[in-house]
1. DSSP beta bridges in the stretch 53-244, what fraction antiparallel, as a percent rounded to 5?
2. For a label point 7 angstrom out from the Cα of Ile58 toward its Cβ, which stretches of the stretch 212-231 have the backbone nitrogen within less than 15 Å?
3. Just rank Ser191, Ser209, fewest to most, by other beta-carbon atoms within 10 angstrom.
4. Taking Rg and Dmax of the Cα atoms in Å as the quantity of interest, determine which of [x] 29.7, 93; [y] 25.1, 85; [z] 20.7, 63 was computed from the displayed structure.
5. Treat the count of other C-beta atoms within 10 Å as a stand-in for reagent exposure and order Tyr66, Tyr205 from fewest to most.
6. Given the chain, what percent of its DSSP beta bridges are antiparallel, to the nearest 5?
7. Stretch Ser343-Glu264 to full length: gain in nm at 0.36 nm per residue minus the Cα-Cα span?
8. If contacts are Cα pairs under 8 angstrom and at least 6 residues apart, what is the relative contact order of the chain in percent?
Amino acid sequence: MNILHTDTTPAANCTIGGKEMLFFSGFSYLGLHSLPAFRELLKAGVDQYGTVFISSRIANVRLELYEELEHALAVLQQQQAAATFSSGYLASQAAARYVSGKGQLLYAPDTHPSLHTGANEIPATSWENWVPQTIERINSHADHTFVIVADSVNPLTSTINDFSWLQQLQRHTLVLIDDSHGIGILGDTGSGISSLLPRQPFLRYLLSSSIAKAYSTQGGVIAGHAADIAAIKKSPFFTGATPMMPANVWAFLQSFPLHQSQRELLRNRVRYLAQLTAGLEHVHNPLQLPVFLLKHPGDIAARLLEHDIIISSFSYPHPDNPPINRAVISALHTDNDLRILHSFLLNL
């Protein structure tokens, strides 16, 4: 893997060694981090709230802004309540530790490491085998015996996991889903995977997410049933942690019109590149996600870098695995950026 160092935060471009290159990596799918209107909101938030709220979320003096954020995120994800954290990883760990006391954890294949607790875990191989095994295992036991743990979107394979099979369950089951790469992207309003989940009385959901992946806002959220969120807010992950930077919270709450316009722009960009690459067998994007998997022999990342194009290329899940090569699209890219990428993908 070729390590590249920069002194600036990439947007559609990235400066490496004084040379400007096209950047098709990272996340910040809506491109808010580089959008002047959003940056002005963040500056205004710093002016009003400073850089940190100097107290715990459970202290006797509390900032109402956090409750406003949690209400907005609960509504966005069509859930009863939400709890926010300083990072998506902390939110996932808080959710995973909470559900680990609710039953035996059934991990879906390729579940993100942030949801693992290191105990009471049953490994999985493939979705095709895991789903029927999970249905049989749950239906043959008493209610509340198991907890399903999974990701909504796999950004490394450009797939959205299908949860329609949950309707076949016959026992009360808690389902924890990491929606970091779904929230802000999936659904007409960016509600994420919640818009695709079956609604059954025996299913209860917890959705943990990083807010940074789509919204360029450092923080994390767990949304779900009010009773679960109330219990999570009593855990040390919530009570003992510094809350999100309040300026980030304020900028997020003020920027919903930007979310919608940037989401539509992103979808147009993804559709355009999908059209350009439709005949290329080594470009894989079946579900119109902002991640194009590049299945090409040889060191495609190095070959594109020769033409000043940076893609996402790293080994996963282990350092000795073959690198996964992807072109990640954001709302910041122009049609011309995509045409340039396509021209070199065409001639690989």
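1. On the way: 12 of 29 bridges.
Close to 40 percent.
2. Zone members listed by number: 229-231.
3. On the way: Ser191 21, Ser209 31.
Ordered from fewest to most neighbouring Cβ atoms within 10 Å, Ser191, Ser209 come out as Ser191, Ser209.
4. Read-out from the structure maps to [z].
5. Numbers: Tyr66 17, Tyr205 24.
With the sparsest Cβ surroundings first, the list reads Tyr66, Tyr205.
6. On the way: 25 of 45 bridges.
Antiparallel: roughly 55 percent of the beta bridges in the chain.
7. Values: separation 79, 0.36 × 79 = 28.44 nm, distance 2.45 nm.
Answer, rounded to one decimal: 26.0 nm.
8. Numbers: 679 pairs, mean separation 86.7, N = 348.
Over the chain, the number comes to 25 percent.
Every read-out reported here was derived from the displayed coordinates using simple, explicitly stated rules and does not represent laboratory data. Note that this is a predicted model, so its numbers are computed, not measured. No Cβ is skipped: glycine too gets one built from the backbone with ideal geometry, and neighbour counts run over all protein chains shown.
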